[in-house]
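Reviewing the structure listed below.
Just so it is clear, none of the values below were taken in a lab; they were calculated from the coordinates. Bear in mind that the values here come from a model prediction, so they are computed numbers and not experimental data. Cβ placement follows ideal geometry from the backbone for every residue including glycine, while neighbour counts extend to all protein chains displayed.
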Amino acid sequence: MSLFLEQLLNGLQFGVMLFLLAAGLTLIFGIMGVINLAHGSIYMIGAYAGAYVAAQTGSFFLGVPAALVAAALVGAAMEFLVVRRLYKRDHLDQVLATFALILIFNQVVTLLFGRQPLFVSMPSLLDGAVELLPGLTYPIYRLAIILVGLLVALGLYLLINRTRIGMLVRAGSTNREMVRALGVNVGMLYTIVFGLGALLAGLAGVMAGPILAVQVGMGEQILITTFVVVVIGGVGSIRGAFVASLLLGVVDTMLRAYLPSMLRHVMIGSDADALGAGISSMGIYLLMAVVLLIRPKGLFAPNS
Amino acid sequence: MYRKTFLALAVSVAAALPAFAQEPVKIGLITTLSGPGGYIGQDIRDAFKLAVDMEGGKLGGAPVDLMVEDDALKPGQGKQIAERMLTNDGVKLFTGIVFSNVAGATVPDIVDAGAFYISPNAAPSNMAGKGCNENYFVVSWQNDSLHESAGQLASNLGYKSAFVLAPNYQAGKDAITGFKRYFKGKIVGELYTSLDQTDFSAEMAQIRAANPEVVFQFHPGGLGISFLRQYEQAGLLKTVPMVLAEPSLDAVTLKSIGEAAIGLNVSSHWNSDFDNPANKKFMEAWTKAYNRMPTYYASQAYDAALEIASALKATNGSLADADAFRAALRKADFQSVRGKFSFGPNQHPVQDWYALKVEKGEDGKPVLKTVGEVFKDHGDAYADQCKM
């Protein structure tokens with residue numbers, strides 16, 4: 001039982017990380033209609049900025065604001081210099097331009113930091129594990145990630161549902177043209193949304209630093225999964241992104257944890273392991289296919 | 001006046017020592033210099049160059065012309081470079097390839113053209129057994145030996161049950177097969193991860209539930225860094241020890257993992273602290289030239305250069321007589337930085353394997369220390385199938 005709970009926490013933690021990335025992506029896609037492949041690069045920039053400042057100052061907690069600022073600045077600059085020119089173009093142009101940005105960011109980071117992965121030490125305050133229940137110990141850092149993720153989700157909920165900007169975002173994701181016709185400064189709104197999305201990606205990046213390898217190309221590894229979250233949740237819906245990321249995180253973790261041993265009951269060990277590993281890496285895509293069959297626009301599409 | 005004297009001098013020197021007025025030996029070094037594995041190719045190139053520089057631009061007394069090219073970890077690109085060097089530049093001696101898939105595409109072309117290939121790293125099983133070739137020499141190890149030695153090390157350390165993990169691709173499966181070949185205990189869990197996986201928490205929970213005596217995992221590069229750090233953070237490092245093969249923990253990954261690596265067991269054929277004159281000379285020259293810790297890849301490339309030098313010395317720097325050059329290569333008449341070294345019947349190494357442990361160094365940073373022996377005169381499982 002405690003193993004099951006632990007896997008549930010693992011799934012939750014993975015889901016929360018996905019949510020931080022997916023929230024920005026779904027807003028950008030839903031409100032501006034831009035497919036931003038370079039979202040993963042912002043995540044990488046957040047991770048590198050956080051790792052660099054943490055290494056220079058010796059404090060992980062100084063790395064966090066540095067990562068947020070760097071990610072938001074790069075995001076806003078990206079919107080201002082490149083993405084702004086893509087709103088009226090079709091999706092192919094957007095994919096090409098943002099893919100080019102991935103290559104440029106990767107090369108720049110290689111030139112600045114080299115090919116060897118960076119080391120981020122665990123903040124001593126969050127180091128170690130804590131016993132939640134008898135027999136269930138869990139790393140404090142991962143609990144902190146879950147907590148931060150849930151707080152961000154709550155904050156976004158309040159921002160979207162209780163503030164003027166949130167109202168514009170909601171209106172924008174439902175009907176862009178009407179918002180513009182009503183005299184709202186859409187350009188300003190776009191830059192704010194893009195910067196906010198980048199900020200969240202940077203937060204995910206810096207939090208990933210102590211558990212993953214901070215290296216060139218780390219954003220592309222997680223980008224596909226993030227897109228799956230956006231599609232399942234419904235493009236433009238923060239609520240959808242939240243539900244879908246947690247769902248995906250838990251499903252992915254549970255499949256990896258339990259499928260091989262379940263298959264062992266019906267076939268021999270090595271086949272079960274190979275098949276289990278294969279199916280569990282497909283699991284989230286199967287889930288996406290099923291969701292799209294039932295609800296073609298995703299679980300919480302705003303204009304459905 | 002001066003010019004005349006110089007000319008006369010040059011003529012007389014050339015006349016007196018005809019053997020030294022020879023064409024430089026061209027050596028094609030094809031390696032991986034870009035991408036996440038780029039640091040490996042960099043060490044191989046730098047170590048080979050170091051050996052040449054230490055002899056003043058020569059190997060075994062013969063001047064060499066080293067041609068370095070980047071294969072970018074693309075088998076097709078490696079093959080193209082080899083073809084170009086063979087036909088346009090007339091290169092007859094090659095080395096440098098890091099990855100087995102590049103070697104698999106490139107080396108057959110080289111040896112079929114009658115040229116020599118001296119491997120400083122990759123040695124896939126299909127080229128060690130039935131696919132062996134008289135012009136193909138391996139100075140590093142046969143791939144399986146890396147993981148066989150880890151299996152033996154786990155047995156030597158007295159572990160009775162093991163949990164094994166590797167990515168779900170050919171090299172990952174080979175690693176687990178190699179480990180199992182020499183591990184005498186029970187395998188209580190076998191998991192295949194995905195090559196693009198970043199989060200291993202589900203695997204950590206399963207390891208804890210299975211409660212093995214030891215964990216063996218093969219995750220090269222960035223994957224291994226993530227895996228080890230999450231292993232430590234899950235609190236497993238204190239309860240379940242780990243045995244690794246050298247590709248999962250070289251000097252570069254050790255630096256990125258930091259203190260989490262302390263206490264890990266690694267099997268290896270070379271370590272920077274080996275106490276023999278050849279290694280001391282190498283370490284001193286390397287540190288002076290590059291001022292960083294060499295990886296084991298660097299030691300292999302340096303040995304490859306010494307092996308080539310020994311054969312060039314025996315043939316007076318000539319590749320014209322291929323049979324004579326081959327016979328000289330087979331003797332392996334050089335002082336390897338790993339100590340004892342000889343070739344088996346398939347021209348792959350027969351060598352000793354050692355147990356290393358990660359300990360805190362003098363400056364507080366983790367370093368690999370040699371603590372014991374794993375195998376003596378270990379060859380490979382494929383030598384019998386090789387007919388030359």
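Figures for the structure shown
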quantity: Contact order relative to length of the stretch B:144-266, as percent, for alpha carbon pairs under 8 angstrom and 6 or more apart; calculated: 27
quantity: Listed residue (A:I279, A:L263, A:F242) projecting farthest to the positive dipole end of the stretch A:218-304, Cβ model; calculated: A:F242
quantity: Residue among B:D46, B:D109, B:D321 with the largest mean-square fluctuation in a Gaussian network model of chain B, springs linking Cα atoms under 10 Å; calculated: B:D321
quantity: Where a label projected 7 Å from the Cα of A:Q56 along Cα→Cβ would reach, residues of the stretch A:91-135 with amide N under 15 Å; calculated: A:112-113
quantity: Residues with amide H under 5 Å from that of B:V371, placed H, sequence gap 5 or more; calculated: B:A355, B:L356, B:K357
quantity: Spatially proximal lysines relative to B:K365 (Cα-Cα < 20 Å; intrachain offsets below 8 disregarded); calculated: B:K238, B:K255, B:K357
quantity: Inter-centroid distance (Cα atoms) of the stretch B:170-221 relative to the stretch B:94-132, Å; calculated: 29
quantity: Global geometry of chain B, whether rounded, prolate or oblate, following the gyration tensor of its Cα atoms and the 1.5 cut on a/c; calculated: prolate
quantity: For the stretch A:38-117 and the stretch A:205-265, distance of Cα centres in Å; calculated: 20
quantity: Rounded to 5, percent antiparallel among DSSP beta bridges of chain B; calculated: 35
quantity: Electrostatic dipole magnitude of the stretch A:71-169 [Cβ: Lys, Arg +1; Asp, Glu -1; Cα centre; debye, to 20]; calculated: 420
quantity: Axial C-alpha extent at least 24 Å, average Kyte-Doolittle at least 1.0 - helices from chain A (DSSP); calculated: A:2-27, A:60-81, A:91-113, A:140-162, A:186-208, A:238-263, A:269-294
quantity: 25 °C / 0.890 mPa s Stokes-Einstein diffusion coefficient of the stretch A:171-304, Kirkwood radius on C-alpha pairs, µm²/s; calculated: 141
quantity: Built amide H within the under 5 Å cut-off of B:D352, gap 5+; calculated: B:D377, B:H378
quantity: Degrees, to the nearest 10: B:170-182 long Cα axis against longest axis of chain B; calculated: 70
quantity: For chain A, alpha-carbon Rg relative to the globular expectation (2.2 N^0.38 Å, N residues); calculated: 1.03
quantity: Anisotropy class of the protein assembly as shown from Cα gyration tensor, a/c 1.5 cut; calculated: prolate
quantity: In sequence order, calculated HN-Hα J values of the stretch B:269-283 (Karplus, 6.51, -1.76, 1.60; Hz; x Gly/Pro); calculated: 9, 8, 8, 5, 8, 4, 9, 9, x, 4, 5, 4, 4, 5, 4
quantity: Chain B: angle of helix B:221-233 to the longest principal axis, Cα-based, in degrees nearest 10; calculated: 30
quantity: Value of relative contact order over chain B, rounded to a whole percent, pairs C-alpha under 8 Å and six or more apart; calculated: 18
quantity: Shielding by other protein chains, A:132-142, mean Cβ within 10 Å; calculated: 2
quantity: Amide proton proximity set for B:I187, modelled H, under 5 Å, gap of 5+; calculated: B:A162
quantity: Magnitude of the charge dipole, the protein assembly as shown, Cβ model with Lys/Arg +1 and Asp/Glu -1, debye to 20; calculated: 1520
quantity: Dipole moment magnitude, nearest 20 debye, the stretch B:276-343 about Cα centre, only Lys, Arg, Asp, Glu C-beta charged; calculated: 280
quantity: Gaussian network model of chain B, springs between alpha carbon atoms under 10 Å - residue of B:V350, B:V68, B:V243 with greatest fluctuation; calculated: B:V68
quantity: Mean Cα-pair separation over length for the stretch A:231-288, i.e. relative contact order, pairs under 8 Å, 6 or more apart, %; calculated: 32
quantity: Rounded, prolate or oblate (a/c below 1.5 giving rounded, otherwise prolate when a/b exceeds b/c) for the stretch B:285-388 by Cα gyration tensor; calculated: oblate
